[in-house]
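Scroll down for the structure; my scribbles are underneath it.
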Amino acid sequence: MPDFVDSTVKDIDARVSELKQELAKLEAARAALVGGRRGPGRPPGTTTRRRTRSAAATTTTTGRRTRRSRGRRGGATRANQALELVRSKPGITIPEIAKSMGIEPNYLYRVLPKLAQEGQIRKDGQGWHPAS
């Protein structure tokens, strides 16, 4: 009987370990989707400084918070870097832009259509061109 108990406990421990690994992967995937990633080089448990409540959100009459759009920042943002690459290499594709910038292309699939909507660039086939 003790062998059965020991073997069952080992099986349970092994399964719990597998589930913990899977949970960590799922939490990382969720954080990446909702923007909860920490910047490179930051130790676990640290976060970036958050804005004050009045700067980051407004409160409705029901007490629920709503987010305000931040808009584009000034300076050398990645959107501006991508825009410069499109201007310097007309017809460049998103994967090529991402490789040049050293980032993942999924960010650019969101940013470049916004630049096109603003009238700064246009898409022709797979490539992006400066708006003329």
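Where a number appears in this text, it was derived from the coordinates with a stated rule and is not lab data. On a predicted model such as this, the values are computed, not experimentally measured, just so you know. Here the Cβ is made from the backbone with ideal geometry for all residues, glycine too, and neighbour counts use every protein chain on show.
With θ set to phi - 60°, apply the Karplus curve 6.51 cos²θ - 1.76 cosθ + 1.60 along the stretch 126-132 and write out the HN-Hα couplings as whole Hz, x wherever there is a Gly or Pro.
Along the stretch 126-132, the couplings run 8, x, 10, 10, x, 6, 9 Hz.
Could I have the simple spin-label model distance between F4 and K25, label points 7 Å from Cα toward Cβ, reported in nm to one decimal?
It works out to 3.4 nm between the two label points.
If amide hydrogens are placed 1.01 Å from N in the peptide plane, which non-local residues have theirs closer than 5 Å to the one on I121?
Long-range HN contacts for I121: A116, A131.
Which whole-Hz ³J(HN,Hα) couplings does the stretch 82-98 yield from phi under the Karplus relation 6.51 cos²θ - 1.76 cosθ + 1.60, θ = phi - 60°, glycine and proline marked x?
3J(HN,Hα) across the stretch 82-98, in whole Hz: 5, 4, 5, 5, 5, 5, 7, 9, x, x, 5, 9, 4, x, 5, 5, 4.
Quick one: of K25/K114; K99/K123; K20/K114, which pairs are farther than 28 Å apart, Cα to Cα?
Too far apart for the 28 Å limit: K25/K114; K20/K114.
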